[in-house]
Amino acid sequence: MIKGTGQVLIFLISIDFMKSVQISEYGSSDVIKIEENSPMPSPSTGKIQAKIIAAGVNPVDWKIREGHFREMMPLQFPATLGIDFSGVVEQIGEVNSDAPLDFKQGDEVYGQASISSGGSGAFAELALANKDSIADKPKSLSHLQAAGLPLVGVSAWQALVENIGLSKDQKILIHGGAGGIGSMAIQLAKHLGAYVGTTVSINDKQFVQELGADQIIDYKKENFEEIVHDYDAVFDTVGGETYKRSFRALAKGSGIIVSMLEQPNSELMSQYGIKAVFLFSQVNRQRLTKLAQWVDQNNIKVNIDKTFPLDEADKALDYQKDVHPRGKVVLTVAS
C-alpha cells in the first residue's frame, strides 16, 4: 500500500497455489503432509508443466520417504513425493531450437516427474517434467492405467528386450509375477513368443494365468529350483535367497539372470557359467514411446489393484509397502 497526495493505492499480487504431497523429514507415513498452498511450478527451458490426472505409486516411493536413498539422492525439504504420472500438458517452457519439445498445450502425456530427474514431484495437482522423461500417452489406456505404466513397463522392457534379448520359444522364469513389474513382464514375454514360468502366492494363480503364464509355482509351498530346469533366462524382482537359488534354474553355460535388486554374484556366475545383470531402470522418452506403441498394438493390460485420492497418499504408500498389491496402486488427482 502506498500513501500519496490524498490517495491510497493498493497493489494486489495474485499467487496461484495447488495441492501437493510433501515431506519435511524422512520417516513413516506420519511425516507426510497434504500441503494445500504449494506454489504452482513454472516450466523452464526444456520442461513442461502438466496437469496430473493420476499418479502411480511404486515401492521406491515409500523407500524415498523413509530415506533409503538419502546418500545417493538427498532431498531438499520440503520435498514433493511421486515419480510416475499421466496427465495433460498445461504450459511449455522456452524451446531450445536445437532440441524442440514436440509437445503442445492439451497433449495427453505420461512419464515421470520425480525430483531426481529434474521434475517437481508427481504427487501434486500440477508437476514439472523434463521433455526427455515423458511421451504421448498410450491411446488404449485410461489415465489411471497409464499412470501405473512408466516405471514397471520400462523395467520389463529393459530386462526382456534390451538385456535378455528374449525370443520365440525361449523359456523365462519371472519372480514376483503378480506385482507391477512382474505382471508387465509376463505379458511382454508372451508377446515375444516365450514360455513363461512365474513364482507367485496361490492367491495370485488365476491372475497370472489370465496374463498368460505357462507354469505357475507357489513360492510358499514349492521350491522353484526343483521344478524349473535349463531355462534360458530369469527376471528377478524379489532378490535375496530367491536370486541365489535362481542360478540353479538356468541352463549352465548359456543362461542369463537380470535382477532389479541384486548386483551380479561373480562366484555364482563362475560356478554355473551364467551371465548376471543388475538392472537400473532408466525411463526416457525413447523407451516410453516404444512402450506406448507396443501397449497400443497388443492390447496390454495394466491391472489397477487399488486407487486412493491424493489426500490419502499416506495410506497408498503404506498399502504398497505392506500388502504386495496385484498390479498397481494409483493416486487419483483430477477427473
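Read-outs: derived from the displayed coordinates by stated rules, not from any lab. Quick caveat: nothing in here was measured; it's all calculated off a predicted structure. Glycine also receives a Cβ, built like all others from the backbone with ideal geometry; neighbour counts cover every protein chain displayed.
Whole angstrom only: what separates the Cα centroid of the range 188-262 from the Cα centroid of the range 284-335?
A separation of 23 Å, based on Cα centres.
Based on the Cβ-Cβ distance of LYS33 and GLU94, what FRET efficiency does E = 1/(1 + (r/R0)^6) give at R0 = 35 Å, to the nearest 0.05?
Working: r = 32 Å, r/R0 = 0.92.
Computed FRET efficiency for LYS33 and GLU94 comes out at 0.60.
Would you mind working out the magnitude of the charge dipole of the chain relative to its Cα centre, with +1 at each Lys and Arg C-beta and -1 at each Asp and Glu C-beta, to the nearest 20 Debye?
Details: 32 positive and 40 negative charges, 68 e Å.
Rounded to the nearest 20 debye, it is 320 debye.
So, R0 is 45 Å and r is the distance between the beta-carbons of LYS252 and SER142; what FRET efficiency does that work out to, to 0.05? List each step's numbers first, then the result.
Values: r = 45 Å, r/R0 = 1.00.
Efficiency computed from Cβ-Cβ geometry: 0.50.
Can you sort HIS143, HIS175 by how many other beta carbons sit within 10 Å, fewest first? The partial results should precede the final answer.
Numbers: HIS143 23, HIS175 29.
So the ranking, lowest neighbour count to highest, is HIS143, HIS175.
Please order TYR110, TYR195 by the number of other Cβ within 10 Å, starting at the fewest. Write out the running numbers ahead of the final one.
Numbers: TYR110 30, TYR195 17.
Least to most surrounded, the residues fall as TYR195, TYR110.
What are the residues whose amide H is under 5 Å from the amide H of VAL109, where those residues sit 5 or more places off or on another chain and H is modelled from the backbone?
Under 5 Å from the amide H of VAL109 lie the amide H atoms of GLY87, VAL88, VAL89, LYS137, each far enough along the sequence or on another chain.
Please rank LEU331, LEU291, fewest neighbouring Cβ atoms within 10 Å first, as an exposure proxy.
Values: LEU331 29, LEU291 25.
By the 10 Å Cβ count, ascending, the order reads LEU291, LEU331.
Just to confirm the number: angle between the C-alpha axis of helix 313-323 and the first principal axis of the chain, 0 to 90 degrees, nearest 10?
10
For semi-axes √(5λ) of the Cα gyration tensor in Å, which listed value, (i) 36, 22, 19; (ii) 42, 20, 18; (iii) 31, 27, 17, comes from the coordinates shown?
Recomputing semi-axes √(5λ) of the Cα gyration tensor in Å here picks out (ii).
Kindly provide the trypsin sites (Lys or Arg not before Pro) of the range 52-150 that DSSP labels as loop, not H, G, I, E or B, and whose Cβ sees at most 11 other Cβ atoms within 10 Å. Walk me through the numbers before you get to the answer.
Numbers: sites: LYS63, ARG65, ARG70, LYS104, LYS131, LYS139; in loops: ARG70, LYS104, LYS139.
For trypsin sites (Lys or Arg not before Pro) across the range 52-150 that sit outside H, G, I, E and B with at most 11 neighbouring Cβ atoms in 10 Å, the list reads ARG70, LYS104, LYS139.
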